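Notes follow once the structure below has been shown.
Just so it is clear, none of the values below were taken in a lab; they were calculated from the coordinates. Note that the coordinates shown come from a computational prediction; the quantities given were computed from them, not determined experimentally. No Cβ is skipped: glycine too gets one built from the backbone with ideal geometry, and neighbour counts run over all protein chains shown.
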Amino acid sequence: NSKTPNQFVICVYTYDCNDVDDRSRIREKLRIFGIDKKICYKTNKATAKGKYKSNGDKDICLCFE
């Protein structure tokens with residue numbers, strides 16, 4: 001869904017996006033790999049409905065880490 005060739009999307013699935021401790025643990029692991037931009041958490045339902053920021057959809061993220 002990237003609009004430029006030097007940007008990309010990484011999908012990380014968790015068992016429960018409401019588990020703040022688990023989100024923090026995963027976020028720290030991503031930082032180890034150099035991913036330091038804010039990341040959006042959205043539900044599988046939003047994805048199944050085709051909701052993407054690149055399509056102009058708004059308010060699809062539950063939170064940012």
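Every helix of 4 or more DSSP H residues in the chain counts as -39500 (n - 2.57), and over all residues that averages to -8000 deg cm²/dmol at 222 nm. Computed on the stretch 9-65, with alpha-carbon pairs under 8 angstrom and 6+ residues apart, the relative contact order is 37 percent.
Pairing rule first: another cysteine's C-beta must sit under 4.7 Å. Under that rule, which cysteines of the chain stay single? Those would be Cys11, Cys17, Cys63, since no other cysteine Cβ in the chain comes under 4.7 Å of theirs. Note on the chain: Cα-Cα pairs beyond 16 Å make up 50% of the total pair count.
The magnitude of the dipole of the chain, with charges of +1 and -1 set on the Cβ of Lys/Arg and Asp/Glu and taken from the Cα centre, is near 300 debye.
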